[in-house]
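Throughout, read-outs are computed from the coordinates displayed, never taken from laboratory work. What you see is a predicted model, and the numbers here were worked out from it, not measured in a lab. Glycine gets a Cβ as well: all are built from the backbone with ideal geometry, and neighbour counts include every protein chain shown.
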Amino acid sequence: MYFKTLSKSECCACTACEHACPVSAITFLPDEEGFLYPSINKDKCINCGLCERVCPVAHPSYSNSEAPAAYAAMVKDVEQRKKSSSGGMFYAIACWILQQGGKVYGASMDENHQVKHIGVDNVNDLQLLRGSKYVQSDLQCVFADIKNDLKAGRWCYFVGTGCQVAGLKAFLRKDYETLLTSDLVCHGVPSQWLFDRHIQYLEEKHKGKVSGYQFRNNKTWGGSEIFNLRNPKGKVKRYKFPSYNLSPYLYSFMYAMTYRYSCYDCKFARIPRQGDITLADYWGVKEFFPNLDSSKGISLTLVNSPKGAVIFEQIKNMCEVWHSTIADGAKHNGNLIHVSEKNGLREISYREVKEKGYAKVAKKTFRAPNYYSTLIKCKLAEYKIMKGFIEWKNRRK
């Protein structure tokens, strides 16, 4: 247990201990890498031991099905799929919750690129929670907010990483009929501090102010960094990098150089999963469903509990669904069933950024070996697309 060993691999920052403490003696503070860890105020602590008992890393629980139903799924509404990272299943579930007068909790990125969990209660605000965010989110006080909503009989839908879902359930210490959870299949999480350095790097490199940042969209495989940049004259340019090999942040993320230490020993990257419904990208879906149009995104969806099964039936009219298997879903998304292997560069990655600066690390440690060949391929593809478009326009004249 973290408070006894202070081993960083034993804390996932789920905040269950902080929220459970009856005297508010625990606060989370950033370490030298920007990851949050709990600190106990000895003057307040009453030694009740509740923080240790609710820790999901010290006492992991696996109450969901060991043989969950697996599906390839997507919402029928093409426009909603376009706004989603994969197949839009989060949107379908969230809409059902809102129709019950409920509240949806998930990770949002604010205008300063800070990733935090928030709650929304209208469909227009769901856009704040959509899209992949490859940063550990700050859970703030959402566990307490969810508990208050549940006590009032309100439906709540919480979406987070496996450890965050486990932390919420450990904090609540009972199952609420109106709580639905979805865990996301997760590689691991870098810190907010590192992402801040990346945004600063982009602004200095391109000489402007970043806005509208996206880690990826569902039109390209894997990472595809996209952002707007406003220069000092007020002109806005849209930047798109269609491969994670062209982004130092996404490359270091995809190759497990920058995760929290607990991610490499994650207790929740396995079956049974933590959420009532697991949501993920269905990478390689064409291998198993060759006739399926996956151009706008497909979700891998696991139904892990009886409650999840009931809700899944409720939203099926909004979706197209195909039966799949755990083995097929995990073939190209291994974190469904196992942890990420620690990259040997993890031990130096953050230290190098602090000592040398992000820009220098971006050109060496965080640069893909095939960076230039990938860049040339992307430029050629862009040229061919533009050439084809011009030829098409000329034929129409």
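Considering every Cα-Cα pair within the chain, what fraction, in whole percent, is farther apart than 33 Å?
Values: 26002 of 78606 pairs.
Of all Cα-Cα pairs in the chain, 33 percent lie more than 33 Å apart.
For the range 166-257, report the translational diffusion coefficient in µm²/s to the nearest whole number, using Stokes-Einstein at 25 °C, 0.890 mPa s, and a Kirkwood Rh over Cα pairs.
157 µm²/s
For the chain, what is the calculated [θ] at 222 nm in deg cm²/dmol (nearest 500), taking -39500 (n - 2.57) for each run of four or more DSSP H residues and dividing by its residue count? Write out the running numbers ahead of the final one.
Values: 15 runs with 134 residues, N = 397.
Helices in the chain give a 222 nm mean residue ellipticity of -9500 deg cm²/dmol.
Compute the Rg to Rh ratio over the range 194-306 from the alpha carbon atoms, using the Kirkwood formula for Rh, and round to two decimal places.
Values: Rg = 17.8 Å, Rh = 16.8 Å.
So for the range 194-306, dividing Rg by the Kirkwood Rh gives 1.06.
Note down the relative contact order for the range 2-53 as a percent, whole number, built from C-alpha pairs under 8 angstrom at least six residues apart. Let's see the in-between values first.
Values: 55 pairs, mean separation 17.1, N = 52.
RCO, the range 2-53: 33 percent.
Within the range 66-100, which trypsin sites (Lys or Arg not before Pro) sit in a loop by DSSP and count at most 14 neighbouring Cβ atoms inside 10 Å? Walk me through the intermediate numbers first.
Values: sites: Lys76, Arg81, Lys82, Lys83; in loops: Lys76, Lys83.
The qualifying sites are Lys76.
Pick out, from Val310, Cys378, Ser294, the residue whose Cα sits farthest towards the positive end of the charge dipole of the chain, with +1 on the Cβ of Lys and Arg and -1 on the Cβ of Asp and Glu.
Of the listed residues, the answer is Cys378.
Calculate the translational D of the range 58-135 in whole µm² s⁻¹ from Stokes-Einstein, where the hydrodynamic radius comes from the Kirkwood formula applied to all Cα pairs, the temperature is 25 °C and the viscosity 0.890 mPa s.
D, rounded to a whole number, is 171 µm²/s.
Between Ala152 and Thr325, what is 0.36 nm times their sequence separation minus the Cα-Cα distance? Round to one decimal in nm. List each step's numbers first, then the result.
Details: separation 173, 0.36 × 173 = 62.28 nm, distance 3.78 nm.
Roughly 58.5 nm would be gained on extension.
If you take the beta carbon distance between Lys42 and Asp110 as r and set R0 to 45 Å, what does 1/(1 + (r/R0)^6) give as a FRET efficiency, to the nearest 0.05? Before the final figure, lay out the partial values.
Working: r = 34 Å, r/R0 = 0.75.
Efficiency at R0 = 45 Å is approximately 0.85.
Within the range 77-96, list the residues whose amide N lies under 14 Å from a label point set 7 Å along Cα→Cβ of Ser295.
Counting only backbone N, you get 78-79, 82.
Do you know the relative contact order of the chain, to the nearest whole percent, from alpha carbon pairs under 8 angstrom that are 6+ apart?
Values: 746 pairs, mean separation 83.7, N = 397.
Once divided by the residue count of the chain, the mean separation gives 21 percent.
In 5 Å bins starting at zero, report the fraction of Cα pairs in the range 2-53 per bin as a rounded %.
Pairs per bin, as whole percents: 4, 21, 33, 27, 12, 3, 0.
Give the Cα extents of the range 139-204 along the principal axes, in whole Å, largest first.
For the range 139-204, the Cα extents along the three principal axes come out at 49, 22, 16 Å.
So what's the Cα pair-distance distribution over the range 244-397, bin width 10 Å, in %?
Taking all Cα pairs of the range 244-397, the binned fractions are 9, 24, 27, 24, 14, 3, 0 percent.
Dividing the Cα radius of gyration by the Kirkwood radius, what Rg/Rh value follows for the range 268-341? Write down the numbers at each step before the final one.
Values: Rg = 12.7 Å, Rh = 13.2 Å.
That ratio is 0.96, to two decimals.
What FRET efficiency, computed as 1/(1 + (r/R0)^6) with R0 = 30 Å and r the Cβ-Cβ distance, is obtained for His206 and Lys82, rounded to the nearest 0.05? Show your work: numbers first, answer last.
Numbers: r = 26 Å, r/R0 = 0.87.
The computed FRET efficiency comes out at 0.70.
Would you please state which residues of the range 1-39 a label at Ala144 would reach in this model, taking the label point 7 Å out along Cα→Cβ and a backbone N cut-off of under 17 Å?
Backbone N within reach: 14-29, 38-39.
Taking loop as defined by DSSP and a crowding limit of 12 other beta carbons within 10 Å, which GluC sites (Glu not before Pro) in the range 170-249 fit? Can you show the working numbers first?
Values: sites: Glu177, Glu203, Glu204, Glu225; in loops: Glu177.
Sites meeting the loop and neighbour criteria: Glu177.
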